[in-house]
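In what follows, a single structure is set out as structure tokens and then discussed.
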Ligand code: CAA
């Protein structure tokens, strides 16, 4: 495969890098205090970053999937919080409507999502349906031109801040996965209740909320795809979504590697920089090798996706490997920094806290192994 980026993709990398340095980096401290990066998202919308792979006719930038992955990768090097907001908004917040929506739904929602006027979210997980997503309990009952939804969701990224939610509910509980349907839900729908925002280990600037639906009436025309098609919609969008989360993990790992390398070149102990001492030099060599391997897996999966090919196994491999790499590399980065790495003075402790969840959301590492082994 050819892993040389095109001129357009390199321009995207440069533009996003500059944006991340000038606009996102100064706001990292505020996000660490819990502030949601609303203004940054607005500027990203103006630059076309909230709809990178969306066709121009629906208000997007109509760039390839690799360019989209480049954006998440580069943004996550500076802020994994903004990285996950963008990934969820695009991969699982916007794409389900783009791929499964009617023309009317696309015109009504995708334009605004791609422009960053609307923020998207994805509501699959429930208190008793995490990895076993098909066992969800939220019910949707058709009545008088509406579906009436009752149930609750947990760990909803962008929840409360988002304007549009892709909600999965069962229209036929006896049918298991084949009874799941998908709905487009607007935030101000009566019966849509935003609950607790979780206190997380990292990603402080992102929202992770509980949602409750109490007799929430969703117009019939907001059914996405056909009744019973919801599980397929969720799974097929997670395929590409997982490449986005892998790119987020890659950004975190790369940032930690760069910080550790710079520090190791400057920090002198026993009369020479610690980078020149084998114990640290070898550590950096292993970290760099893992990061490079992760990059190859991710961009290979992204290339397949860009070509419109099925990439479920490659996406799961990329996420499985890169999320582990992010946890290992950020752990080692703290070790290179020694005591300083354990303080808030340096960013490596943030990288470490932000890395862990990449092994959990959009399918745990164990779920990625299920997807991979099933296909083997
Ligand atoms: N594309 C299309 N259809 C698919 C599919 C895919 N990738 N994977 C499965 N399906 C279809 C199957 O073909 C099957 O239909 P048929 O019987 O007609 O073939 C149907 O769906 C059921 O498939 P399975 O029997 O494989 O389903 P399962 O119940 O065993 O579950 C699973 C499979 C992979 C474990 C799935 O439940 C899963 O991915 N779980 C993890 C959930 C997850 O990733 N949640 C993420 C939440 S979003 C998030 O985290 C966002 C965020 O905040 C960052």
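The values are calculated or read from the model by the stated rules, or taken from the named source; none is laboratory data. Note that the coordinates shown come from a computational prediction; the quantities given were computed from them, not determined experimentally. Neighbour counts run over all protein chains shown; Cβ positions are idealised from the backbone, glycine included.
Computed values, structure above
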| item | result |
| --- | --- |
| Helices (runs of 4 or more DSSP H) contained entirely in the stretch 310-376, each with at least 1 residues that are surrounded by fewer than 22 Cβ atoms within 10 Å (Cβ to Cβ) and away from the ligand (no atom under 16 Å from the Cβ) | 312-337, 348-355 |
| Within the stretch 26-42, tally of residues that are surrounded by fewer than 15 Cβ atoms within 10 Å (Cβ to Cβ) and free of Cβ contacts under 8 Å to residues at least 60 places away in the same chain | 3 |
| Residue match in the stretch 139-152 (condition: touching a residue at least 60 places away in the same chain (Cβ under 8 Å), within 11 Å of the ligand (Cβ to nearest atom) and either in a strand (DSSP E or B) or more than 21 Å from residue 217 (Cα to Cα) (or both)) | no |
| Within the stretch 109-134, considering residues that are near the ligand (Cβ under 10 Å from one of its atoms) and assigned to a helix (DSSP H, G or I), the one surrounded by the most Cβ atoms within 10 Å (Cβ to Cβ) | 133 |
| Flag for residue 61 being modelled with pLDDT of 95 or more, within 14 Å of the chain's Cα centre (by Cα) and not in a strand (DSSP E or B) | no |
| Residues that are buried (at least 22 other Cβ atoms within 10 Å of the Cβ) and not in a helix (DSSP H, G or I), drawn from the stretch 64-100 | 79 |
| Residue among 209, 164 that is touching a strand residue (DSSP E or B) at 6+ places or on another chain (Cβ under 6 Å) and over 19 Å from residue 98 (Cα atoms) | 209 |
| Test: residue 221 is more than 16 Å from the ligand (Cβ to nearest atom), over 25 Å from residue 342 (Cβ atoms) and part of a helix (DSSP H, G or I) | yes |
| Check on residue 188, without any contact (Cβ under 8 Å) to a residue 60 or more places away in the chain, in contact with a helix residue (DSSP H, G or I) (Cβ under 8 Å, 6 or more places away or on another chain), away from the ligand (no atom under 15 Å from the Cβ) and within 23 Å of residue 109 (Cα to Cα) | no |
| Output for the stretch 1-22, where each listed residue is part of a helix (DSSP H, G or I) and out of contact with any helix residue (DSSP H, G or I) (no Cβ under 6 Å at 6 or more places or on another chain) | 7, 8, 10, 11, 14, 15, 18, 19, 21, 22 |
| Candidate set from the stretch 153-184 (those that are near the ligand (Cβ under 10 Å from one of its atoms) and assigned to a helix (DSSP H, G or I)); member that is nearest to the chain's Cα centre (by Cα) | 177 |
| Boolean, residue 127 is touching a helix residue (DSSP H, G or I) at 6+ places or on another chain (Cβ under 7 Å) and either closer than 17 Å to residue 214 by Cα or not assigned by the TED database to the domain that holds residue 114 (or both) | no |
| Among the residues listed as 294, 301, the single one being within 14 Å of the ligand (Cβ to nearest atom), surrounded by 20 or more Cβ atoms within 10 Å (Cβ to Cβ) and closer than 17 Å to residue 73 by Cβ | 301 |
